[in-house]
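I have a structure I would like to understand better, so I am pasting it below and will then ask my questions one at a time.
Values in this text are rule-based calculations from the coordinates and carry no lab data. Predicted model, so just to flag it, every value in this text is computed and none were measured. In this analysis, Cβ positions are derived from the backbone assuming ideal geometry, glycine residues included, and neighbour counts consider all displayed protein chains.
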Amino acid sequence: MSLLEVRDLKKHFPIRTGVLKRTTGHVYAVDGVSFDVEKGETMGLVGESGGGKSTVGRTVLRLTPATGGNVTFEGIDVMKASRNEMQKLRRDMQVVFQDPYASLNPRMRVRNIVGEALTIHDIGTKAARKQRVAELLEIVGLNAEHAERYPHEFSGGQRQRIGVARALALNPKLIVLDEPVSALDVSIRAQVLNLLEDLQDEFDLTYLFVSHDLSVVKHISDRVAVMYLGKLVEISDSAVLYDRPQHPYTEALLSAVPIPDPHTERSRKRIVLEGDVPSPANPPKGCVFHPRCPRAQEICTTAMPTLAFTGDAGERHEVACYFPARFSGDQRTVASEPFEGSRPVART
Amino acid sequence: MADRLLEVKDLSTFFFTHAGVVKAVNGVSFTLDRNETLGIVGESGSGKTVAALSLMRLVPDPPGKVVEGAMMLGDRDLRTISDDEMRGVRGNDIAMIFQDPMTSLNPVMKVGKQIAEAITLHQDKSRGEALRMATALLARVGIPDAPQRVECYPFEFSGGMRQRAMIAMAISCNPDILIADEPTTALDVTIQAQIIDVMREMQAQFSSGVILITHDLGVIAEIADKVMVMYGGRTVEYGSIDEIFYNSHHPYTWGMLASLPRLDESEKTRLTPIKGQPPDLITLPEGCPFVGRCPYERPKCRDNWPALEIVGPEHGVNCWIPADERLALRAGLPKVKEPAA
């Protein structure tokens, strides 16, 4: 059993218009996403803005109710958990948000920010809690003296450390990291990434790491899932995905990231996608990627392909595409016949 | 001398605040030639944006003030020319595009009209002519259905299209110099790739000089010809792109290169961050702003700013560590490249 199992997760936000706020449509932020996260691994979730990555993170934690699907954490159904069960679950599932300026209450001292969870879950005496906060601050590379300060007295990187300390307070098993380093400068970003790696080893943590930055995701993740318009289009071991992307969107995404090395940059061939990401309120029929896809054919306009193993590369490499790139040795080919594995099974 | 467009010498821009003097830009010099792209790289607060705003004379005064230096555009010093003359320079000679295209476009004015406004302001054109030119410009920067799109408001554009519109406006008067301040930072990577292509094409067409401000060394590697590395208001190192990436001399440049996760790395390696926190700009030392974070700090670094040392053609560094020691130190850093033998 995996630590976290997500099955056919859906989150549709209603669009309400007019005086009566009637629902006139939906934003299909997450539309049928399935993946597993094993204990101790880091699962990266990448994609462009509007792809639904953050919504997956929030829905998994039930910070926002799902429209459909299942999330199972250690065998417990998160979507159906009662209030009491949910409170217990929250100890094991924590979150760190992107913006270290918005996610810390400016009127609370660090002591209270980090210790709040301990109070809510009624853990230890007051003295023990104080001790624990001091310990947590040391763990994330701050000092015990910082406990009496307010968030505005810290720089961005330090604030993100406070956010991490808060997430660690209850000894969680899973931490959802929602763009945890996107607001930080490169030198500070490296500090926080190293800290996250150290903490994972020390406390046997499992991460769901949401980010738009492919270099960062590649660096930290064991496995990576690529999202586009609410769907997972490819999922695989990190190294395999970056060396042998099968989905055309993954290929384009990877080739668009500039490499900080002028020689490499001069010799690279880039795939520049045409147009913009369509609105998730009105996703294209068929494969959501087909209007921008260089490989699209008629079948792509009929139905969204499903994630399936192509049998290439890593065993855990799945792709949702009728025309995935296949690899044998150094040979990369794209078959002219549609890939049967991705053909959706008609539901009866 | 190549076709020199701009020569900035010892530029210093300070902000006089209640808390103290912020030396946002402190004695910065650089040049820009035709057909050349200068990348200014540095972290937030390093002074890269203020340097650009100083060139455009857009630093809010008070509290900001260009306290020293010369910015020579041909034989005119942008620091001393009259406001009227400066208005002629903006748009005509130097145009600027900003990071966030939503806040730099007027939300209640149609996109076409905004571009046409820039044209009528600087050129002797009728409104109709200017609007036709705006349509042509939008088509040129790759906006589909330009004749319809000129009638749209900015909110009807996606982020990438807004940035294209900004570029269209910037090139509307064929400026010699284009300053792009984090032009792709707010955009997704696939859109960033599109915008970089548009900027390249425009530069080739107009043979302009481009100043690209970014914190992203990947973007720098992709389009810059030369690079200026800023830290705490100072230029710590400048050089051609290859010199900065493969023969860097400043500990801060090394630190930056070593702290980057790379997409093309096959082995999972640990990052080497720069220790410490970004400096407080009000209490910057008289000497090198990198003290406190520099692993090779010397006693004299804090109080004395090192003179510019030329270490190669088009390559200079400001650092107290003697050159031979620097090279020995660099050789011990596995993540910082050495020049090819």
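If I take all pairs of Cα atoms in segment B:28-144, what percentage of them are more than 23 Å from each other?
Details: 2923 of 6786 pairs.
Result: 43 percent of Cα pairs exceed 23 Å.
To the nearest 0.05, what FRET efficiency results for B:Leu121 and B:Asp61 with a Förster distance of 25 Å applied to their C-beta separation? Don't skip to the end; give the middle numbers.
Working: r = 23 Å, r/R0 = 0.90.
E(calc), rounded to 0.05, equals 0.65.
Between B:Ser44 and A:Arg343, what's the calculated FRET efficiency when r is the beta-carbon distance and R0 is 51 Å? Round to 0.05. Walk me through the numbers before you get to the answer.
Numbers: r = 49 Å, r/R0 = 0.96.
Computed FRET efficiency for B:Ser44 and A:Arg343 comes out at 0.55.
I would also like to ask the following. Over chain B, with a Gaussian network built from C-alpha contacts below 10 Å, which listed residue (B:Arg140, B:Arg262, B:Arg149) shows the highest mean-square fluctuation?
B:Arg262
Here's another thing I want to ask about it. When averaged across all projection directions, what area in nm² does the alpha-carbon convex hull of the protein assembly as shown cover? Can you show the working numbers first?
Working: hull surface 138.4 nm².
Taking the Cα atoms of the protein assembly as shown, their convex hull projects to 34.6 nm² on average.
Also: Among DSSP bridges having both ends in chain B, what percentage is antiparallel? Round to the nearest 5.
Details: 32 of 51 bridges.
Given both bridge residues lie in chain B, the antiparallel proportion sits at roughly 65 percent.
On the first, second and third principal axes, largest extent first, how far apart are the outermost C-alpha atoms of chain A in Å?
Sorted largest first, the three principal extents are 68, 57, 44 Å.
Next question, about the same structure. Taking the Cβ of each residue in B:Trp320, B:Trp254, B:Trp305 as the centre, tally the other Cβ atoms inside 10 Å and list the residues starting with the fewest.
Working: B:Trp320 20, B:Trp254 24, B:Trp305 16.
Ascending number of Cβ neighbours within 10 Å: B:Trp305, B:Trp320, B:Trp254.
Right, another one. Could you tell me the relative contact order of segment A:250-306? Use alpha-carbon pairs under 8 Å, at least six residues apart, and round to a whole percent. Don't jump to the answer; show the numbers that get you there.
Details: 40 pairs, mean separation 15.0, N = 57.
26 percent.
Would you mind telling me the antiparallel percentage of the DSSP bridges in the protein assembly as shown, rounded to 5? Mind showing how you got there, number by number?
Details: 65 of 102 bridges.
Antiparallel: roughly 65 percent of the beta bridges in the protein assembly as shown.
Hey, another quick one. Specify the angular offset, from 0 to 90 degrees and rounded to the nearest 10, of the alpha carbon long axis of helix B:83-92 from the longest principal axis of the alpha carbons in chain B.
80 degrees
A further question follows. Hey, in the GNM for chain B with a 10 angstrom Cα cutoff, which one of B:Lys275, B:Lys23, B:Lys113 fluctuates hardest?
B:Lys275
Going out from 0 in 5 Å bins, what whole percent of all Cα-Cα distances in segment B:139-237 drops into each bin?
Over segment B:139-237, the share of Cα pairs per 5 Å bin runs 2, 11, 23, 22, 18, 12, 6, 2, 2, 0 percent.
Out of all DSSP beta bridges with both ends in segment B:1-120, state the antiparallel percent to the nearest 5.
Numbers: 21 of 22 bridges.
Restricted to segment B:1-120, the bridges split so that about 95 percent are antiparallel.
Using the Kirkwood radius over Cα pairs, work out the Stokes-Einstein diffusion coefficient for segment B:214-271 at 10 °C and 1.306 mPa s, in µm²/s as a whole number. It would help to have the intermediate numbers written out before the result.
On the way: Rh = 12.2 Å.
For the chosen part, D equals 130 µm²/s.
Once you have the alpha carbon radius of gyration of segment A:58-136, what is it after dividing by 2.2 N^0.38 Å, with N set to its residue count?
Numbers: Rg = 14.9 Å, N = 79, 2.2 N^0.38 = 11.6 Å.
Computed over Cα atoms of segment A:58-136, the ratio equals 1.29.
Also: Evaluate Rg over Rh across segment B:235-341, taking Cα atoms for both radii and Kirkwood's formula for Rh.
On the way: Rg = 14.3 Å, Rh = 14.8 Å.
On the Cα set of segment B:235-341, Rg over Rh gives 0.97.
Right, something else. Springs between alpha-carbon pairs under 10 angstrom, Gaussian network model over chain A: which of A:Val226, A:Val272, A:Val319 fluctuates most?
Of A:Val226, A:Val272, A:Val319, the Gaussian network model singles out A:Val272 as fluctuating most.
For segment A:46-179, build the convex hull from the C-alpha positions and give me its volume per residue in Å³. Please report the intermediate quantities before stating the final value.
Details: hull volume 16.6 nm³, N = 134.
It comes to 124 Å³ per residue, whole-number rounded.
How many partner chain Cβ atoms sit within 10 Å of a residue's Cβ in peptide B:214-220, on average, as a whole number?
Details: counts 0, 2, 4, 6, 7, 3, 4.
If you average over the peptide's residues, the count of other-chain Cβ atoms is 4.
Would you mind calculating the relative contact order of chain A from Cα pairs under 8 angstrom and at least 6 residues apart, reporting the percent as a whole number? If you can, show how the numbers build up before the last one.
Details: 668 pairs, mean separation 61.5, N = 348.
With pairs under 8 Å counted, the relative contact order is 18 percent.
Let me ask you something else. Quote the Stokes-Einstein diffusion coefficient, in whole µm² s⁻¹, for segment A:42-99, based on the Kirkwood radius over alpha carbon pairs, a temperature of 37 °C and a viscosity of 0.692 mPa s.
Details: Rh = 12.5 Å.
So the translational diffusion coefficient is about 262 µm²/s.
Along its principal axes, what span do the Cα atoms of segment A:175-317 show, with the longest given first and each in whole Å?
If we take the Cα atoms of segment A:175-317, the spans are 50, 36, 34 Å.
Mind checking B:189-199 for the average number of partner chain beta-carbons within 10 Å of each residue's beta-carbon?
Numbers: counts 13, 16, 8, 3, 10, 6, 0, 4, 2, 0, 0.
Average neighbour count from other chains, rounded to a whole number: 6.
Please compute the average number of Cβ atoms from other chains found within 10 Å of each residue's Cβ in peptide B:268-275. Write down the numbers at each step before the final one.
On the way: counts 8, 1, 6, 12, 3, 11, 6, 2.
Mean partner shielding for this stretch: 6.
Additional query: Taking R0 as 41 Å, what FRET efficiency do you get between A:His26 and B:Lys268 from their Cβ-Cβ distance, rounded to the nearest 0.05? Walk me through the numbers on the way to the answer.
Values: r = 40 Å, r/R0 = 0.97.
That gives a FRET efficiency of 0.55.
If the chain between A:Arg83 and A:Ser328 were fully stretched, how many nm would it gain, using 0.36 nm times the residue separation less the Cα-Cα distance? Write down the numbers at each step before the final one.
Working: separation 245, 0.36 × 245 = 88.20 nm, distance 5.12 nm.
Result for the pair: 83.1 nm of gain on full extension.
Now for a separate question. Ratio of Rg to Rh for segment B:277-328, alpha carbon only, Kirkwood? Could the numbers behind the result be given before it?
Numbers: Rg = 12.0 Å, Rh = 12.0 Å.
With Rg and the Kirkwood Rh in hand, the quotient comes to 1.00.
Counting only Cα, what are the radius of gyration and maximum Cα-Cα distance Dmax of segment B:52-121, in Å?
Final numbers for Rg and Dmax: 14.0, 40 Å.
Let me ask something else. Starting from the exponent 0.38 and prefactor 2.2 Å, build the expected Rg for segment B:114-194 from its residue count and divide its actual Cα Rg by it. Mind showing how you got there, number by number?
Working: Rg = 12.8 Å, N = 81, 2.2 N^0.38 = 11.7 Å.
Ratio of Cα Rg to 2.2 N^0.38 Å: 1.09.
May I pose another question? Modelled label-to-label distance, B:Ala340 and A:Ala335, 7 Å Cα→beta-carbon offset: nm?
4.1 nm
Quick one: order B:Lys335, A:Lys173 by neighbouring beta-carbon count within 10 Å, fewest to most.
Ordered from fewest to most neighbouring Cβ atoms within 10 Å, B:Lys335, A:Lys173 come out as B:Lys335, A:Lys173.
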